[in-house]
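Have a look at the structure below before the remarks.
What follows is calculated from the coordinates using simple rules that are stated; it is not laboratory data. The structure displayed is predicted, hence computed values, not measured ones. Every residue, glycine among them, receives a Cβ derived from its backbone with ideal geometry; neighbour counts consider all protein chains shown.
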Amino acid sequence: MINKYPLWKYILVIGVLIVGLFYALPNLYGDDPALQISANRGAEVTLATQEAVREALKTNNIEPKDIALENAQLLVRFDDTEVQLKAQDVVKKALGNDYVIALNLAHRTPSWLLAMDALPMYLGLDLRGGVHFLMEVDVDAALKQAEERYISDFRTLLRENRVRYTKIDRISANDNSQGVVLEFKAEDVRVEAEKYINREYPDLQLSTYEEEGKFYLRTVISETEKTEIRRLALKQNITTLRNRVNELGVAEPVIQQQGTDRIVVQLPGVQDTTRAKDILGATATLEFRLVDEQADVQDALQGRVPPGDRLYPQREGGHVLLKNRVMLTGDYIIDASSGIDQQSGGPAVFITLDGQGANIFSKVTGENIKKLMAVVFIETKIDRIEVDGEEQKVRRKTEEVINVARIQDQLSKRFQITGLDSTAEAHNLALLLRAGALAAPIDIVEERTIGPSLGKENINQGFMSVVVGFVLVLAFMVMWYKGFGLVANLALAFNLVIIVAVLSIMQATLTLPGIAGIVLTVGMAVDANVLIFERIREEIKNGNSPQASIHSGYSKALSTIADANITTLIAAIILFGFGTGPIKGFAITLSIGIATSMFTAIMGTRAVINLIYGGKRVEKLSI
């Protein structure tokens with residue numbers, strides 16, 4: 001029968017409409033300014049923490065909207081951002097450095113929608129706001145790290161050439177880089193060492209001096225190399241931060257250099273700002289060292305540490321003596337994933353090394369089978385303390401042994417480490433190792449939530465542009481195509497709902513350019529209906545019956561509609577492929593809009609038209 005859809009097509013259209021309405025619904029609820037409180041390692045967020053926060057806020061006459069303990073984190077909601085910022089200072093003083101207090105925007109989506117994975121779409125930094133970090137890179141720390149590498153290289157070089165030295169150490173004055181000094185017992189040995197170092201490291205500046213019958217060789221990094229090390233440290237940090245942001249799954253982030261030692265990071269739509277701070281600012285890495293099994297730990301605790309050894313604390317308690325020589329560092333790690341150790345059932349990180357690292361590790365573990373090897377976890381954090389009424393930054397470096405095991409066989413490209421506190425720590429450590437280590441520590445000097453005022457204005461203007469465009473198109477379609485225009489308007493509204501639903505399901509980030517893509521889609525969405533309706537008019541003018549005209553209008557306009565939309569879709573794909581940031585947002589909404597408008601304009605309107613006119617004797621069409 002002409003102009004009749006099979007039942008499954010009606011069910012498909014209705015099903016898409018219901019799913020679209022369901023997943024678009026969470027966007028109507030909005031969000032609250034909130035504080036997200038989580039514990040540093042060693043602390044815990046409990047009901048006692050909740051009561052401490054409640055009491056601190058009450059003492060300062062701050063009334064929270066809600067306080068809830070969720071997933072080992074405390075979420076404190078407020079009515080506006082001014083109260084949120086005031087509360088952050090109060091809670092920081094009350095809880096101290098054992099907790100991370102991060103600004104957040106917590107959505108108000110009901111639990112029954114969350115249970116169905118129905119979440120609001122992310123809004124970009126220019127709409128919803130998000131997290132803005134200004135990070136300061138300690139570029140001088142990169143020089144210290146370079147000197148530490150030279151110390152290790154010098155030891156290896158002199159050992160291989162059988163040159164006996166007394167001591168190799170960094171020279172530091174006011175914690176600034178002053179070079180590396182090597183101590184020898186005889187001048188001829190120093191001359192020999194100078195020859196080897198000068199040959200292997202021609203860019204280093206060498207000088208000699210004598211004190212108290214000992215002979216010294218001083219090596220200093222040239223100013224040109226220092227400048228290059230600082231530049232590369234900043235560049236590597238930007239790359240590493242970008243990798244970490246990608247691991248966090250943030251859409252359309254902004255990561256760019258500001259000045260000579262600062263980086264701006266903007267994370268639109270971030271829900272878990274606490275984890276973002278932990279991941280971006282962390283400098284976690286690993287070192288593998290041999291355990292000195294002959295020395296006595298108790299003697300070392302009394303201050304008698306054997307030459308060539310160092311005393312390390314163990315995470316599980318106690319101390320262990322490790323050799324100064326580093327077997328392997330985290331620099332050679334190319335992949336890391338978290339999981340469960342099959343033997344102990346505890347959290348583990350599975351590590352993959354690059355070719356050079358695999359060769360080094362294979363050689364060094366092969367030479368030390370049956371010996372104990374320790375995994376040292378190194379983490380750098382910034383603490384803020386108050387001295388004489390002024391806030392000062394103190395860098396705190398934590399080094400602890402998380403695992404000690406006997407080398408049973410020659411290790412190579414893949415192996416695992418255990419001894420971690422939880423699966424969450426294993427996951428975060430794997431993320432950090434996979435994204436790469438920071439070349440120099442960074443400090444978050446500014447953190448703020450962008451968008452409560454600017455974002456609201458942008459949203460209002462963007463929303464108004466969609467409404468104005470939508471209303472004008474509706475008016476034109478009703479005026480020009482009458483009843484058929486009303487059907488097209490229904491499809492247009494259906495199309496907007498589906499676009500919002502798809503963006504919400506994808507958890508895509510909507511920005512101002514994205515809104516521009518939606519506005520463009522509103523105009524383009526009726527193009528298909530205009531082509532179909534004009535074709536129907538032509539068929540009627542040519543003397544065809546209303547039913548035949550409807551059938552011909554839809555079938556004959558299909559190829560033209562497909563051609564027009566496919567060429568636009570190709571352009572959108574090219575924009576997405578070659579564009580960055582906001583351009584990608586425009587391309588995404590445009591692509592989604594093209595796909596949904598073809599569905600609603602062709603299949604959706606045909607379903608409604610068939611319900612109205614299909615299988616009936618019609619004398620005249622309202623077109």
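Quick notes on this structure:
- C-alpha center-to-center spacing [the range 70-94, the range 138-157] in angstrom: 42 Å
- The H on the amide N of residue 327, modeled in the peptide plane, is under 5 Å from the matching H of 288, 289, 290, each at least 5 residues off or on a different chain.
- The orientation-averaged projection of the convex hull spanning the C-alpha atoms of the range 284-422 amounts to 10.7 square nanometres.
- With contacts taken as Cα pairs under 8 Å at a separation of at least 6 residues, the chain carries a relative contact order of 17 percent.
- Note on residue 187 and residue 170: the model spin-label points, each 7 Å out from Cα along the C-beta direction, lie 3.2 nm apart.
- Of 370/413; 195/371; 556/584, pairs whose Cα-Cα distance is over 29 Å: 195/371; 556/584
- Estimated [θ] at 222 nm from DSSP helical runs (n ≥ 4, -39500 (n - 2.57)) normalised by residues in the chain, nearest 500: -16000 deg cm²/dmol
- Between the residues 229, 91, 103, the greatest Cα displacement towards the positive end of the dipole of the chain, with unit charges on the Cβ of Lys, Arg, Asp and Glu, is found for 103.
- Neighbour-count order for 566, 550, fewest beta carbons within 10 angstrom listed first: 566, 550
- Protection proxy ranking, peptides 360-367, 185-192, 5-12, average beta carbon neighbours within 10 Å, highest first: 360-367, 185-192, 5-12
- Counting only alpha carbon atoms, the long axis of helix 582-598 and the longest principal axis of the chain meet at about 30°.
- Computed magnitude of the charge dipole of the chain (debye, nearest 20; Cβ of K, R +1, Cβ of D, E -1): 2560 debye
- Cut-off 14 Å between beta-carbons: net charge of the residues surrounding residue 296, Lys and Arg +1, Asp and Glu -1: -3
- Angle between the chain longest axis and helix 423-435 axis [Cα atoms, degrees, rounded to 10]: 90 degrees
- Seen against the Cα atoms of the chain and their longest principal axis, helix 546-578 is set at about 20 degrees.
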